[in-house]
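The values are calculated or read from the model by the stated rules, or taken from the named source; none is laboratory data. From a predicted model like this one, the values you see are computed outputs, not experimental measurements. Here the Cβ positions follow ideal geometry from the backbone for every residue, glycine too, while neighbour counts run over all protein chains shown.
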Amino acid sequence: MADTTNKYNLRYPEDGDTIDAQQIEDLANDVENTFNSRTAVSATHTVSLQNGWQANANNPLVFERVGDVVFFRGEVYNPSAGANTQVGVIPAAFRPTFERYGPFPLYARGGETKIARGMIWDDGRVTITDFSALGTTPGYGLYGSYVRVL
């Protein structure tokens, strides 16, 4: 009789089993299903911006989770240099496992290159500090990824 592995639940023949085409096909299907389930985008979230922060309509701030890895991308700007640093909040499923992810550099191009710092906190806050006022796109580009340990 075929048994299964503990880690991946893949079927394989036991000692003394005669291997046939169906067992090979079953194993191949199990490998494909396991791979697909571990690499599928399991959740996507577009951040609702706060405190005067705005997004480039063609590049909103989006978080995606693929297995245990969170990817984020988007462009934001704020016309007020004295604005609150909190850009928005992400749901628990996308939050870093530990205290924070960052700081990571953010760049914007306008008449000059402007540099700021981004942080993603374990309570879901997305913050940008040391930013300059930008009234329109191009804004600050947020791009990165981190592993979320469950």
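Among the conditions (1) without any contact (Cβ under 8 Å) to a residue 40 or more places away in the chain; (2) hydrophobic (A, V, I, L, M, F, W, C); (3) part of a loop (DSSP other than H, G, I, E, B); (4) within 13 Å of T129 (Cα to Cα), L49 misses just one, which is (4).
Scanning segment 119-143 for residues that are in a strand (DSSP E or B) and either touching a residue at least 40 places away in the same chain (Cβ under 8 Å) or of a type outside the set (A, V, I, L, M, F, W, C) (or both) yields a count of 10. Considering segment 119-144, and only residues there that are of a type in the set (S, T, N, Q) and surrounded by 14 or more Cβ atoms within 10 Å (Cβ to Cβ), the residue that is nearest to V47 (Cα to Cα) turns out to be T127.
Here Y107 passes the criteria (1) more than 21 Å from T46 (Cα to Cα); (2) without any contact (Cβ under 8 Å) to a residue 40 or more places away in the chain; (3) hydroxyl-bearing (S, T, Y) except the one numbered (1). Selection of segment 85-112 for residues being basic (K, R), loosely packed, with under 15 Cβ neighbours inside 10 Å and at pLDDT 85 or above yields an empty set. Report yes if A116 is surrounded by 15 or more Cβ atoms within 10 Å (Cβ to Cβ) and in a strand (DSSP E or B), otherwise no. Yes: the conditions hold for A116.
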